[in-house]
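Here is the structure we will look at.
The values are calculated or read from the model by the stated rules, or taken from the named source; none is laboratory data. From a predicted model like this one, the values you see are computed outputs, not experimental measurements. Methodologically, a virtual Cβ is constructed for each residue, glycine included, from the backbone with ideal geometry; neighbour enumeration extends over all protein chains shown. Keep in mind that these areas ignore ligands, DNA and RNA; they rest on the heavy atoms of the full protein, side chains included. Shrake-Rupley method; radii C 1.70, N 1.55, O 1.52, S 1.80 Å.
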Amino acid sequence: MDPKRDIILVTGATGKQGGAVARELLAQGARVRAVTRKPDSDAARALASQGAEVVAGDFEDPASMTKAMQGAWGLFAVQNTWEAGVEKEEKQGKLVAELARKAGIQHYVYTSVGSAERKTGIPHFDNKWRVEETVRAQKFPSHVILRPVFFMENLATPAFGLPQGKLVIALPPDRPLQMVAVDDIGKYGARAFLRHAEMAGKEIELAGDAVTGPQAAAVLSEVLGKPIAFEQQPIEQVRAFSAEYAIMLEWFDKVGYNADIAGSARTYDIAPTNLRAWAKANRAALV
């Protein structure tokens, strides 16, 4: 691969994972084509200002995706289950892989979810495993599958209660939860392309830290300079809002992710971002 010549198409480029991968690739001098449903958005303009070629594309419009793929060497694929729903996300994930193979994509990187291979029973984990199977069945010249765990960025959403001085999670206080910073996904995603020969065929669980709710609350208290109290939310409250989310949290409690944080850091020479470092870098979004 010649990063100055070969085009890497990044889907979801204005979202969390795609955006992180696109930014990291651009920072390392790669040629990025960013596909988005909203090429006039502020996020798309920001990528263009960093050197990305921004094009319009929609998973619901296969012709637009095929057009975006023309001339590309590599493709980063991500879908959003919370936006599309479980069934549609799976359909989109399979379709993009099939279209990419027909379009002649040489190197395909799919971001799945941590423990997708473990038959978790979580609908939006199991559907990604089926997408993985489709990716493997295409027999691309090379491919990589990334499996990130719970995003640290989720903690900035109102449901976790930080503005009210709480960290609300429906897990027991002694249950660690593996987390990953989205920027770390960007680093692994970029490495998957820029060092594709050695990365080919890898399936990598991505995590940067593992903390209990009280430990996370203590870290956030320190970084934010105000008391943050851990609060265990009753699982039935979660279930009333989303049965899907409750199933996931129950699995977190009973089984949990199993990424080898230290092992991946040694193997891929990417220092994991722990919760404290992430919170310090994102303090403005947490207050």
Checklist entry - Do any trypsin sites (Lys or Arg not before Pro) in the range 156-213 lie in a loop, going by DSSP, with at most 14 other beta-carbon atoms within 10 Å of their beta carbon, and if so which? => result Arg195
Checklist outcome for this item: Among trypsin sites (Lys or Arg not before Pro) in the range 92-160, those in a DSSP loop whose Cβ has at most 14 other Cβ atoms within 10 Å are Lys119, Lys139
Checklist entry - For the chain, with every protein chain kept in place, what is the accessible area per residue (1.4 Å probe, Å²)? => result 44
Checklist entry - What is the ratio of the Cα radius of gyration of the chain to 2.2 N^0.38 Å, where N is its residue count, to two decimals? => result 0.99
Checklist entry - Setting aside same-chain residues fewer than 8 positions from Lys254, which aspartates and glutamates have a Cα under 14 Å from its Cα? => result Asp174
Item to check | DSSP beta bridge pairing in the range 1-123, given as percent antiparallel to the nearest 5 | outcome: 5
Item to check | Cα gyration tensor category, rounded, prolate or oblate, for the range 46-157 with a/c compared to 1.5 | outcome: oblate
Item to check | ³J(HN,Hα), Karplus 6.51/-1.76/1.60, whole Hz, each residue of the range 174-189, x for Gly, Pro | outcome: 9, 9, x, 10, 6, 9, 9, 7, 4, 4, 5, 4, x, 5, 5, x
Checklist entry - Using the beta-carbon distance between Asn154 and Gln106 and R0 = 30 Å, what value does 1/(1 + (r/R0)^6) give for FRET efficiency, to the nearest 0.05? => result 0.35
Item to check | Peptides ranked, highest mean first, by Cβ atoms within 10 Å: ranges 105-111, 37-43 | outcome: 105-111, 37-43
Next on the checklist: Ranking request for peptides 239-246, 58-65: highest mean number of other beta-carbon atoms within 10 Å first, then the rest in descending order.
Outcome noted: 58-65, 239-246
Next on the checklist: Using a 7 Å offset from the Cα along the Cα-to-Cβ direction at both Glu203 and Asp174, what is the distance between the two label points in nm, to one decimal?
Outcome noted: 3.3
Checklist entry - List the lysines whose alpha-carbon lies under 22 Å from that of Lys67, not counting same-chain residues fewer than 8 positions away? => result Lys4, Lys38, Lys88, Lys91, Lys94, Lys102, Lys139
Next on the checklist: Please compute the modelled spin-label separation between Ala229 and Gln28, points set 7 Å along Cα→Cβ, answer in nm with one decimal.
Outcome noted: 4.5
Next on the checklist: In whole percent, and with a 1.4 Å probe on the protein chains, what portion of the accessible area of the range 17-72 is carbon and sulfur?
Outcome noted: 46
Checklist outcome for this item: The extension gain from Ala284 to Ser41, computed as 0.36 nm times the residue separation minus the Cα-Cα distance, is 85.3 nm
Checklist entry - How much of the accessible area of the range 172-287, in percent, comes from carbon and sulfur atoms when a 1.4 Å probe is used? => result 51
Item to check | the chain: calculated mean residue ellipticity at 222 nm from DSSP helix runs of at least 4, using -39500 (n - 2.57) | outcome: -13500 deg cm²/dmol
Checklist entry - What is the Cα centroid distance between the range 102-117 and the range 170-236, reported in whole angstrom? => result 22
Next on the checklist: Under 10 Å, Cα contacts only: if you run a Gaussian network model on the chain, which one of Asp209, Asp269, Asp260 comes out with the highest mean-square fluctuation?
Outcome noted: Asp269
Checklist entry - Considering the dipole of the range 90-215 built from charges on the beta carbon (Lys and Arg +1, Asp and Glu -1) around the Cα centre, which of Gly201, Gln106, Ala159 is farthest to its positive end? => result Gln106
